[in-house]
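To start, the structure itself, in structure tokens.
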Amino acid sequence: MSNQKKVGKLIVIVAPSGTGKSTMIKRLKEDFPSIVESVSYTTRPIRPGEVDGKSYFFITREEFLAMRDKNEFLEWAEVHNNFYGTSKKFVEDSLASGKNLLFDLDVQGTDSMKDYFGEKANVIFISPPSVEELEKRLKHRGTENTQVINIRLMNAQKELLRKNDFDFLIYNDDIENAYKKLCEITQEILGY
Ligand code: ADP
Ligand code: 5GP
């Protein structure tokens, strides 16, 4: 029997808000049960349908800043006027037990992961077909008001400038085609 410890894979998914990232991640976790998602901490308000501790850990700004000051985040960023952070303890414990980890991060968090893990972080950028379509999707989702949607669309234009900077790029035009591509890339990363 080999004494070598199993090493888990790291997958980072990055996409402008409204692209379809959460929809695809939900399916991916069902189809690849070996993948564990890192649950981030955030100060943004909870949306209908979200579960505290499952979608995110929803905390106040004061709680977030206290965790940040205690160095409890592997990375953290201010995104669309809210704070988001990845738990250092969760990542360290998961990696120590050889789990495959999935992160849903913005571009700043993705850059931090690349700085920290280098080639071990497999980054998949998901692009919407256009900013106009993104606006339609955000309005149709109906979880944010117009002001928040506008902030997210402005940030999307900046994030889209980075779409060619990562390991894999998928266009989510047709959801079935995009999801098939995501499964193929995931299989490649996991070495199936
Ligand atoms: P994100 O997590 O990237 O912010 P969501 O997964 O919440 O985005 O998707 C935003 C909205 O767009 C949801 O209402 C979702 O059902 C819809 N959506 C996702 N992919 C597509 C697609 N290919 N075509 C049309 N609508 C889509
Ligand atoms: P949302 O509010 O739509 O759930 O997420 C907004 C943005 O924050 C998305 O781009 C999402 O990927 C990103 N995000 C979620 N969790 C984290 C995190 O822990 N760190 C960073 N840097 N970004 C995050």
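The values are calculated or read from the model by the stated rules, or taken from the named source; none is laboratory data. For clarity, every value in this text was computed on a predicted model and none was experimentally measured. Neighbour counts are summed over all protein chains in view; Cβ atoms, including those assigned to glycine, are modelled from backbone coordinates with ideal geometry. Side chains included, ligands, DNA and RNA excluded: accessible areas come from the protein's heavy atoms. Shrake-Rupley method; radii C 1.70, N 1.55, O 1.52, S 1.80 Å.
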All conditions in (1) within 14 Å of ligand 1 (Cβ to nearest atom); (2) surrounded by 15 or more Cβ atoms within 10 Å (Cβ to Cβ); (3) touching a residue at least 24 places away in the same chain (Cβ under 8 Å); (4) more than 19 Å from PHE168 (Cα to Cα) are true of PRO48 except (2)
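Every residue, every condition in (1) open to solvent by 50 Å² or more (accessible area, probe 1.4 Å); (2) within 21 Å of LEU74 (Cα to Cα); (3) touching an Asp or Glu at 6+ places or on another chain (Cβ under 9 Å); (4) assigned to a helix (DSSP H, G or I), yes or no:
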{"site": "LEU102", "(1), (2), (3), (4)": "no, yes, yes, no"}
{"site": "GLY109", "(1), (2), (3), (4)": "no, yes, yes, yes"}
{"site": "MET113", "(1), (2), (3), (4)": "no, yes, yes, yes"}
{"site": "PHE117", "(1), (2), (3), (4)": "no, yes, no, yes"}
{"site": "GLU132", "(1), (2), (3), (4)": "yes, no, no, yes"}
{"site": "GLU135", "(1), (2), (3), (4)": "yes, no, no, yes"}
{"site": "LEU138", "(1), (2), (3), (4)": "no, no, yes, yes"}
{"site": "LEU153", "(1), (2), (3), (4)": "no, no, yes, yes"}
{"site": "GLN157", "(1), (2), (3), (4)": "yes, no, no, yes"}
Out of the residues in the range 52-67 meeting the condition of being assigned to a loop (DSSP other than H, G, I, E, B) and modelled with pLDDT of 95 or more, tell me which one is farthest from the chain's Cα centre (by Cα). THR60
Just a yes or no: is a residue in the range 128-147 under 27 Å from SER34 (Cβ atoms) and either over 16 Å from the mean Cα position of the chain (by Cα) or not hydroxyl-bearing (Ser, Thr, Tyr) (or both)? no
Which number in (1) open to solvent by 70 Å² or more (accessible area, probe 1.4 Å); (2) at pLDDT below 95 marks the one condition that TRP76 misses? (2)
Output the residues belonging to the range 79-100 that are in a strand (DSSP E or B) and more than 19 Å from LYS114 (Cβ to Cβ). ASN82, PHE83
